[in-house]
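The values are calculated or read from the model by the stated rules, or taken from the named source; none is laboratory data. All values derive from a computational prediction rather than experimental measurement. For neighbour counting, all protein chains shown are included, and Cβ atoms are generated from backbone atoms with ideal geometry for every residue, glycine included. Remember, those area values only see protein heavy atoms, side chains included, never the ligands or the DNA or RNA. Shrake-Rupley method; radii C 1.70, N 1.55, O 1.52, S 1.80 Å.
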Amino acid sequence: MDKFTKDEWHRKQAVENFNKTWDLIEKKERTKEEDFEMIHTAHASRFHWGLAGTPLNYARGEWQISRVYYLLKMGDSALLHGEQSLDLCLQNNFGDFDLAFAYEAVARAYMVKGEEAKMEEYFSLASNSAENIAKKDGKEYFISELNSIKLRSKA
């Protein structure tokens, strides 16, 4: 039997729940039960990171929770967690991929809420942040994700 320190156990739980959430995010069609599971696993991951992680883990966890609520068209919850991700990035001077995705999360939340002007504002901030993503493949992935906001808003 594996022996873990308390922090190791919490980190293991955080990673496993994050990955399970990601699998559910990527699933094309989810049942209502899977939607609830996705909410629970996203929050569980962030909870465990809060006990054994770093501010970067917190920011990424908040981003993931925001994405879950965006997918479920729960704009207020998506905005709450997207703004928390953004605040953590700004407070800790996280740039690159993380800052760009935090702006993207807030833009998505405003899209769900139907607030076009705010969505455009954060879309622009996200787009500008993309210029600071160091890795080319990371930048291309981010831009493809960001552009899905525009496509949906114009549909």
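Identify, from the list Lys113, Lys73, the residue that is at positive phi, open to solvent by 20 Å² or more (accessible area, probe 1.4 Å) and out of contact with any Ser or Thr (no Cβ under 6 Å at 6 or more places or on another chain). Matching residue, one of Lys113, Lys73: Lys73.
Looking at the stretch 17-32, which of the residues that are β-branched (Val, Ile, Thr) and closer than 16 Å to Ile65 by Cα is surrounded by the most Cβ atoms within 10 Å (Cβ to Cβ)?
So in the stretch 17-32, the residues β-branched (Val, Ile, Thr) come out as 21, 25, 31.
From what's left, closer than 16 Å to Ile65 by Cα: 21, 25.
Working: Thr21: 25, Ile25: 16.
Filtering the stretch 17-32 for residues that are β-branched (Val, Ile, Thr) and closer than 16 Å to Ile65 by Cα, the one surrounded by the most Cβ atoms within 10 Å (Cβ to Cβ) comes out as Thr21.
Every test in (1) at pLDDT below 95; (2) in a helix (DSSP H, G or I) is passed by His40 save one, and that test is (1). Here Asn132 clears all of (1) part of a helix (DSSP H, G or I); (2) more than 21 Å from Glu37 (Cα to Cα); (3) open to solvent by 30 Å² or more (accessible area, probe 1.4 Å) except the condition numbered (1). Among the conditions (1) out of contact with any Leu (no Cβ under 8 Å at 6 or more places or on another chain); (2) touching a residue at least 24 places away in the same chain (Cβ under 8 Å); (3) over 23 Å from Asn93 (Cα atoms), Gln64 misses just one, which is (3).
For the stretch 79-109, a residue qualifies if it is open to solvent by less than 20 Å² (accessible area, probe 1.4 Å) and under 16 Å from Ser124 (Cβ atoms), and the qualifying residues are Gly82, Leu86, Ala100, Phe101, Ala102, Glu104, Ala105, Val106, Ala107, Arg108, Ala109. Hey, does the stretch 98-105 have a residue that's without any contact (Cβ under 8 Å) to a residue 40 or more places away in the chain, within 17 Å of Gly82 (Cβ to Cβ) and outside any loop (DSSP other than H, G, I, E, B)? Yes, some residue in the stretch 98-105 is without any contact (Cβ under 8 Å) to a residue 40 or more places away in the chain, within 17 Å of Gly82 (Cβ to Cβ) and outside any loop (DSSP other than H, G, I, E, B).
Per this entry, Phe94 is counted among residues that are outside any helix (DSSP H, G or I), within 23 Å of Arg11 (Cβ to Cβ) and touching a helix residue (DSSP H, G or I) at 6+ places or on another chain (Cβ under 7 Å).
Going by the structure shown, is Gly75 without any contact (Cβ under 8 Å) to a residue 60 or more places away in the chain, of a type in the set (Gly, Ala, Ser) and over 20 Å from Ser124 (Cα atoms)? So Gly75 fails the test.
Conditions tested, residue by residue: (1) in contact with a helix residue (DSSP H, G or I) (Cβ under 7 Å, 6 or more places away or on another chain); (2) closer than 25 Å to Ile149 by Cβ; (3) open to solvent by 20 Å² or more (accessible area, probe 1.4 Å); (4) outside any loop (DSSP other than H, G, I, E, B).
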position: Val15; (1), (2), (3), (4): no, no, yes, yes
position: Asp35; (1), (2), (3), (4): no, yes, yes, yes
position: Trp49; (1), (2), (3), (4): yes, no, yes, yes
position: Tyr58; (1), (2), (3), (4): yes, yes, yes, yes
position: Gly61; (1), (2), (3), (4): yes, yes, no, yes
position: Tyr69; (1), (2), (3), (4): yes, yes, yes, yes
